[in-house]
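Report on one structure; see the data block that follows.
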Amino acid sequence: MDYKKIIRSVPDFPKPGINFKDITTLVGNADALKTSCTDMSEKFRDRKIDAVAGIESRGFIFGSMIAVELGVGFIPVRKPGKLPAKTISASYELEYGQNVLHMHTDAVAKGQRILIVDDLLATGGTLRATCDLVEQLGGIVCGIAVVAELTFLSGRDKLKSYDLVSLVTYDEE
């Protein structure tokens, strides 16, 4: 499937000069949504994944479906104040500041094999922070799956020690 033809580019969003890659056109297409999740699942089917961690919010869409497809549970990785029980946190750098992600302390058991899923790899901050959370709890990151990767932002450099799969890459804005 040609995902680039399905993912919409929105110029000057969220600010002038940004060409936003909008996956809502992909998730609104039942065939493309199912195929994208199957394509990402297939890359990791033989890895003995114990759970899938999805990053708020669009990572929830793909991560949940991939977890069902792999027959494993789903772990939500959320922004501050969104998880009701005890959590751990990891901060990451944004273009203009920092942000924080949280995961329940009982979400990952020592030695569990976790696949991390998100819609987009840009600078790598959120994915790196999620890897840190899984590893803080003693889990093993067996891979990272994203729908789209903005290679010109070099986010993959922060994730060199992980097996990372992207369905589509954009080499320029």
If you scan segment 119-135, which residues turn out to be among the acidic types (Asp, Glu) and either over 16 Å from the mean Cα position of the chain (by Cα) or farther than 21 Å from GLU172 by Cβ (or both)?
-> ASP132, GLU135
Tell me, yes or no, whether segment 114-121 has at least one residue that is farther than 15 Å from ASP50 by Cβ and either outside any strand (DSSP E or B) or hydrophobic (A, V, I, L, M, F, W, C) (or both).
-> yes
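Which is surrounded by 15 or more Cβ atoms within 10 Å (Cβ to Cβ) and within 22 Å of TYR170 (Cα to Cα), of ILE49, ILE75, ILE55?
On inspection, the qualifying residue turns out to be ILE55.
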Given (1) part of a loop (DSSP other than H, G, I, E, B); (2) surrounded by 16 or more Cβ atoms within 10 Å (Cβ to Cβ); (3) not polar (S, T, N, Q), where does PRO84 come up short, assuming only one miss?
-> (2)
Could you list all residues from segment 150-170 that are within 14 Å of the chain's Cα centre (by Cα), under 10 Å from ALA122 (Cα atoms) and in a helix (DSSP H, G or I)?
-> GLY155, ARG156
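Conditions tested, residue by residue: (1) modelled with pLDDT of 95 or more; (2) of a type in the set (Lys, Arg); (3) within 26 Å of LYS158 (Cα to Cα).
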| position | (1), (2), (3) |
| --- | --- |
| ASP2 | yes, no, no |
| ARG8 | yes, yes, no |
| PHE20 | no, no, yes |
| ASN29 | yes, no, no |
| ALA32 | yes, no, no |
| ASP50 | yes, no, yes |
| LEU94 | no, no, yes |
| GLY97 | no, no, yes |
Residues within segment 153-173 that are in contact with a helix residue (DSSP H, G or I) (Cβ under 6 Å, 6 or more places away or on another chain) and either buried (at least 22 other Cβ atoms within 10 Å of the Cβ) or under 20 Å from LYS15 (Cβ atoms) (or both), tallied | 1
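Filter segment 116-152 down to residues that are of a type in the set (A, V, I, L, M) and either out of contact with any strand residue (DSSP E or B) (no Cβ under 8 Å at 6 or more places or on another chain) or more than 24 Å from THR24 (Cα to Cα) (or both) and give me whichever is surrounded by the fewest Cβ atoms within 10 Å (Cβ to Cβ).
Of the residues in segment 116-152, the ones of a type in the set (A, V, I, L, M) are 116-117, 120-122, 127, 129, 133-134, 137, 140-141, 144-148, 150.
Filter again for either out of contact with any strand residue (DSSP E or B) (no Cβ under 8 Å at 6 or more places or on another chain) or more than 24 Å from THR24 (Cα to Cα) (or both), leaving 129, 133-134, 137, 140-141.
On the way: ALA129: 22, LEU133: 27, VAL134: 25, LEU137: 19, ILE140: 14, VAL141: 21.
Once the filter is applied, the top-ranked residue is ILE140.
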In segment 79-86, is there at least one residue being among the basic types (Lys, Arg) and in contact with a Pro (Cβ under 9 Å, 6 or more places away or on another chain)?
-> yes
In segment 136-145, what count of residues is obtained for those that are under 16 Å from the mean Cα position of the chain (by Cα) and either in contact (Cβ under 8 Å) with a residue 40 or more places away in the chain or assigned to a helix (DSSP H, G or I) (or both)?
-> 3
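The values are calculated or read from the model by the stated rules, or taken from the named source; none is laboratory data. All values reported here derive from a predicted model rather than from experimental measurement. Virtual Cβ from ideal backbone geometry, glycine too; neighbours counted across all protein chains shown.
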